[in-house]
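> Sharing a structure below in structure tokens format, with a few things to ask.
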Amino acid sequence: MSDIKDKSLAKSGERAHRVGERTMPVLRQIRARFEKEQPFKGKTLAAVLHVTAETANLMRTMKAGGANVFLSASNPLSTQDDVAAALVRNTYSDFRDQRREQRDFLQTHRSTHCRKPMLTMDDGADLVSTIHQKHQELLPMMLGGTDETTPA
């Protein structure tokens, strides 16, 4: 299930992915290694991040490494609709856009926890703090997580 603004933007998003990929040579090398080694095979990654071309390439890399990736947009102002559409069309179909009402935002977090992630990537620590506060049953299976918070 996916929740994107406009599927017809996927072609533009694919161009953005390619431009982003060209500017990320180290990530390309990691993706090539991950494709062979599959370090995340069978692991679920829940990510709540800014959806940009850079994020798309990171998610593609994690998926190439075998991860079952679940991505939610963390910020309505930074979500690039064409990038999200291309991700859904080419990489995976499970994407949530959090530009909805607060109750929908909370529902997205609930559905993220239902996937029982072993890894998290987070912006603003909403996901990881919710796991620690309301879903402590997930903690024993967690392998690790990251938070990318940009100061205002």
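The values are calculated or read from the model by the stated rules, or taken from the named source; none is laboratory data. Predicted, not measured: the structure shown is a model, and the values here were computed from it. All Cβ positions, glycine included, derive from the backbone under ideal geometry; neighbour counts span all protein chains shown.
> Can you tell me which residue among 111, 93 is more than 23 Å from residue 9 (Cβ to Cβ), of a type outside the set (Asp, Glu) and at pLDDT below 70?
Among 111, 93, only 111 is more than 23 Å from residue 9 (Cβ to Cβ), of a type outside the set (Asp, Glu) and at pLDDT below 70.
> Being assigned to a helix (DSSP H, G or I) and farther than 18 Å from residue 121 by Cα, is that true of even one residue in the stretch 74-81?
Checked against the condition, which is being assigned to a helix (DSSP H, G or I) and farther than 18 Å from residue 121 by Cα, the stretch 74-81 yields at least one hit.
> For residue 10, are the conditions met, namely being farther than 17 Å from residue 144 by Cβ, modelled with pLDDT of 85 or more and not hydroxyl-bearing (Ser, Thr, Tyr)?
No: the conditions fail for residue 10.
> So, in the stretch 113-148, how many residues would count as being among the acidic types (Asp, Glu), assigned to a loop (DSSP other than H, G, I, E, B) and either in contact with a Gly (Cβ under 9 Å, 6 or more places away or on another chain) or without any contact (Cβ under 8 Å) to a residue 60 or more places away in the chain (or both)?
Total satisfying the criteria: 1.
> I'd like the full set of residues that are at pLDDT below 95, out of contact with any Leu (no Cβ under 9 Å at 6 or more places or on another chain) and part of a helix (DSSP H, G or I), limited to the stretch 32-63.
The one that is at pLDDT below 95, out of contact with any Leu (no Cβ under 9 Å at 6 or more places or on another chain) and part of a helix (DSSP H, G or I): 53.
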